[in-house]
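Bear in mind that the values in this text are calculations on the coordinates, not laboratory data. Just so we're clear, the structure is a prediction, and the values are computed from it rather than from any experiment. Because the Cβ atoms are built from the backbone with ideal geometry, glycine has one as well, and the counts that use them run over all protein chains shown.
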Amino acid sequence: METILNYLFWPVIVGIIILIVEYFVIQPLRKANEVSIPPSVGRDWATAIKTAVKKFKAQQSGYIWLWFLPNRNTITLDEWNIQKGQATIMLSVYRKIETWETPVPGLAHRVTVPQLIARYELLIDRTGDIRRLNSVVITTNSQSNYSQQLKNSLPPTTLEIKNRSVKTEKIPKDGIKILVEFDVVNSGKLGKVCPYMEYKVINTIRGDNRSVHSAPKSYAIEALGTIHFRFEKVFYPPDLPLADSIEKVKIEIYPCPD
């Protein structure tokens, strides 16, 4: 009897877990990569535009559209003009680019920002079929308008810490170099981030310990941007860092001063 119950119980549990992952993880990630269409477009034309975007992606093999890849390209709907039986829409394709900044010695961060790389004008019908497709030359005004539209459509600055890691390395003269890295990801508008990093160091002669922490500093973070922080420090005997795992390192985001 117990064996029969096990056969019935575990498939149900696995099925529930699969549903939870699908509805609360996979589907939100997929929707985050879909083109956003304002309610003013109307339900019928919104469906037609979504269909046209899917067909556009299928035709454009030079871009990366897979929703689970961090370097994927993304599309925005910038303009639309709906007439009887057809509509002209303007699509922008962008990618994320990364740059490094080192505001103070020993602490560097990588900034990730969106960059407009292509624009297309599509003539579509009510079913979403693409009747005409033209590539549009990107100008300075196009970049500016795109950036402004992107900023206006985003929620307030929303920060999250990701990709935490700590590494230690032995160096000459019995020294130990410690490297703490983490990303701060912004899923909202342009804002500020004040990260804080801390771990303990013990003095093996006295037996006491002290805290090593990052200096308080405010960093500007771009809309939909990512900042990579890197904190590096070297210790020599009798000091020994107590940070051999990421669980022993405190990484938080503090409120930024006005």
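Subtracting the Cα-Cα distance from 0.36 nm times the residue separation, let me have the gained length for residue 160 to residue 230 in nm, one decimal. It would help to have the intermediate numbers written out before the result.
On the way: separation 70, 0.36 × 70 = 25.20 nm, distance 1.62 nm.
Answer, rounded to one decimal: 23.6 nm.
For each of 160, 222, count neighbouring Cβ atoms within 10 Å of the residue's Cβ, then give the residues from fewest to most. Mind showing how you got there, number by number?
Values: 160 11, 222 18.
Final ranking by Cβ density, sparse to dense: 160, 222.
Which residue, chosen from 203, 191, 219, occupies the Cα position most advanced towards the positive end of the dipole of region 152-227, where the dipole is computed from +1 (Lys, Arg) and -1 (Asp, Glu) charges on Cβ about the Cα centre?
Farthest towards the positive end: 203.
May I ask you to sort 224, 179 by Cβ crowding, counting other Cβ atoms within 10 Å and putting the fewest first? Please report the intermediate quantities before stating the final value.
Details: 224 20, 179 14.
Going from sparsest to densest Cβ surroundings: 179, 224.
Cross-link candidates for residue 173: which lysines have Cα within less than 27 Å, leaving aside residues fewer than 8 places away along the same chain?
200, 233, 248
Taking the beta-carbon count within 10 Å as an exposure proxy, list 249, 234 from fewest neighbours to most.
Values: 249 22, 234 14.
Least crowded to most crowded, the residues run 234, 249.
If I stretch the segment between residue 58 and residue 136 completely, what's the gain in nm (0.36 nm per residue apart, minus their alpha carbon distance), one decimal? Walk me through the numbers before you get to the answer.
Working: separation 78, 0.36 × 78 = 28.08 nm, distance 1.90 nm.
Gain in length upon complete extension: 26.2 nm.
Run the dipole for region 159-254 about the Cα centre, Lys and Arg Cβ at +1, Asp and Glu Cβ at -1, nothing else charged, and hand back the magnitude in debye, nearest 20.
140
Compute the Cα gyration tensor for region 190-258, then decide on rounded, prolate or oblate, letting a ≥ b ≥ c be the square roots of its eigenvalues: rounded whenever a/c is under 1.5, prolate when a/b is larger than b/c in the other cases, and oblate in all that remain. Provide the component values of the computation, followed by the final result.
On the way: a/c = 3.16, a/b = 2.58, b/c = 1.23.
Prolate, since a/c reaches 1.5 and a/b exceeds b/c.
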